[in-house]
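FYI, it's all coordinate maths here, none of it is from the lab. What you see is a predicted model, and the numbers here were worked out from it, not measured in a lab. All Cβ positions, even for glycine, are placed from backbone atoms using ideal geometry, and neighbour counts span all protein chains on display.
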Amino acid sequence: MPDRLIGILLFLPVPVVLWLLTRAPLGVGASLGLGVLLMVTHRIYARPFALSRADHRCLWCGGAAGDGPRVLLHEPAGPTTWRACGGPHLKSLTRVFGTAFRWRWFLRVGILGSLVLFLGGTLLAAFGRHGPLAFADSSALFRLGVALTVLPFGALAAVLGPHAAGAIRVPFPVHIQALIGTAVMLWLFRIVGIVWIVQVVLLALHRP
């Protein structure tokens, strides 16, 4: 089975987790529990696969890297070495990672902060102690917080970021984007960001 297809299959738990958390199709408690379980265990199998292909796949496009240039990243868990399939994709990678490091607190607060608040609000909702906020409201606020973070990053990171040389510090593990390619991940950020903002606006307009 081609590495690209395997990477897509290993990436699928990510949208499944988002669907479980924001839509609660199994009920709030069961959906939250299953979503957190998938989120916590995803690293166990996704990261080893990504690292095992780090010297063969382009971290930007997800295609074969051949003898393309290597890039040394200082991830939170330690240094890792990846490849790009050529100079232009290496430049795009360094711009994105440069932006990510400069925007690290913006990304942490926007994504992790929204997730923590959402999980706390969802737990309260599961026990009937959410006050005036229903689950749909907590879900909408989570989607809005994430969307307002990933949309500008996805749209601007590869354009405005600095072109760094040598080892690059990144504020997040890169194995998830390595599964499908950083370029695809940025497009998903743009699409999901726009869709979620539209959903939240429509929800607000239809509130009684």
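Quick one: T41 ticks every box in (1) within 27 Å of G145 (Cα to Cα); (2) surrounded by 14 or more Cβ atoms within 10 Å (Cβ to Cβ) bar one, so which box is it?
(2)
Of the residues that sit in the stretch 30-80 and are farther than 13 Å from V174 by Cβ and charged (D, E, K, R), which one is farthest from the chain's Cα centre (by Cα)?
It comes out as D67.
Every residue in the stretch 59-103 that is touching a residue at least 60 places away in the same chain (Cβ under 8 Å) and in contact with a Lys or Arg (Cβ under 6 Å, 6 or more places away or on another chain), please.
Within the stretch 59-103, G62, H74, F101 qualify.
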